[in-house]
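Comments concern the structure below.
The values are calculated or read from the model by the stated rules, or taken from the named source; none is laboratory data. Model, not experiment: these values are computed from the prediction. We place every Cβ from the backbone using ideal geometry, glycine too, and count neighbours over all the protein chains shown. We work out accessible area using only protein heavy atoms, side chains counted, and drop any ligands, DNA or RNA first. Shrake-Rupley method; radii C 1.70, N 1.55, O 1.52, S 1.80 Å.
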Amino acid sequence: MVAQAKSAQVRHWSGRQWLAWSAVPVLGLLLALWLHGQPPQRDLFVALNLRAASLPDSLWSCLTVLGETDTLLVLMSVLLLWRAQALMAVVAAVPVGGLFSMALKNAFDAPRPAALMDAAQFHLIGPLLSNHSFPSGHSITAFAAASAVLASVVTARATTRSAVWVVLIVGAASAVAFSRVAVGAHWPADVLAGACGGWLAGLSGAWVTRRYPALCQSVRNQRVLGALLFGLALWLLLHPVDYPQGAPTVWVAAAGATLTLLGQWIPKMINGLGIH
């Protein structure tokens with residue numbers, strides 16, 4: 001009921017608001033495309049990668065696993081108990097984000113750092129990848145989720161509280177995106193392109209939920225999504241991750257999906273038994 005009540009607070013944005021939220025990412029994407037056309041940013045990549053190596057590999061592994069679409073969706077399932085519209089917006093952003101990723105990866109088929117540099121020149125964590133570098137898919141996922149959530153809950157009137165949430169959520173997405181440089185999988189331009197493209201994909205998801213709020217307000221839809229994400233959590237637990245040190249992220253995500261499913265159905269069961 002709480003999620004349903006909060007979803008009802010949806011307000012349509014004006015064209016000016018959508019433009020304001022998309023202008024900077026569009027410019028950033030153009031910059032990333034220009035950088036991609038230049039010689040690979042080897043010096044910048046190595047500097048950032050080796051600086052990140054001062055922190056534990058387990059940290060970067062957990063962050064980079066969080067950038068995988070299935071893991072992030074499972075982790076964010078808890079929003080069904082609080083802000084169902086925000087999670088629905090993330091789900092609605094997946095098609096645009098996926099098409100953006102596949103289109104650019106196939107169009108450019110850019111080599112990754114490991115394909116152009118000796119592995120001894122930088123710090124590599126996880127599998128050695130060689131192609132489809134541009135853009136970073138993990139960055140797309142992280143920023144699509146951040147954008148979808150923020151554009152779903154932020155109102156036209158800015159407040160200190162909303163500003164704090166923007167900083168926290170964008171900061172978390174940035175950490176996930178940067179982890180792709182830290183693990184040695186992507187060039188900085190790949191991450192920039194993924195972040196900007198992901199942000200725009202997230203806005204598309206938020207537009208859908210603002211345009212069709214009934215999708216979020218349906219308790220049935222919320223319960224179906226909760227069950228699907230719980231099933232996805234079980235699937236993740238049964239399959240090895242590419243970054244073994246990032247397994248705790250999957251465990252936390254699965255625990256969140258389990259709590260979400262229980263939170264959705266226990267009140268119904270109690271009401272069915274007539275317990276007050």
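Descriptive notes on the structure:
- Top-ranked residue in the stretch 217-253 [being at pLDDT 95 or above and among the hydroxyl-bearing types (Ser, Thr, Tyr); ranked as farthest from residue 79 (Cα to Cα)]: 243
- Residues of the stretch 192-213 include at least one that is buried (at least 22 other Cβ atoms within 10 Å of the Cβ) and among the hydroxyl-bearing types (Ser, Thr, Tyr).
- Selection of the stretch 164-204 for residues being closer than 17 Å to residue 18 by Cα and within 13 Å of the chain's Cα centre (by Cα) yields 196, 197, 198, 199, 200, 201, 202, 203.
- Hits in the stretch 111-122 (condition: touching a helix residue (DSSP H, G or I) at 6+ places or on another chain (Cβ under 7 Å), in a loop (DSSP other than H, G, I, E, B) and buried (at least 19 other Cβ atoms within 10 Å of the Cβ)): 122
- Flag not set for residue 238, criterion: in contact with a helix residue (DSSP H, G or I) (Cβ under 9 Å, 6 or more places away or on another chain), open to solvent by 20 Å² or more (accessible area, probe 1.4 Å) and over 30 Å from residue 37 (Cα atoms).
- Any helices (runs of 4 or more DSSP H) falling wholly within the stretch 1-99 and containing at least 1 residues that are open to solvent by 30 Å² or more (accessible area, probe 1.4 Å) and at pLDDT 95 or above: 15-36, 42-52, 57-66, 69-75
- Of all residues in the stretch 163-186, those that are touching a helix residue (DSSP H, G or I) at 6+ places or on another chain (Cβ under 8 Å), open to solvent by 10 Å² or more (accessible area, probe 1.4 Å) and aliphatic (A, V, I, L, M) total 5.
- Pairs where the first residue, in the stretch 10-21, is within 16 Å of residue 209 (Cα to Cα) and the second is of a type in the set (S, T, N, Q) and modelled with pLDDT under 75, C-beta under 7 Å, 6+ apart: 11/155
- Residue in the stretch 124-138 that is in contact with a Lys or Arg (Cβ under 6 Å, 6 or more places away or on another chain), open to solvent by less than 40 Å² (accessible area, probe 1.4 Å), assigned to a helix (DSSP H, G or I) and not aliphatic (A, V, I, L, M) present: yes
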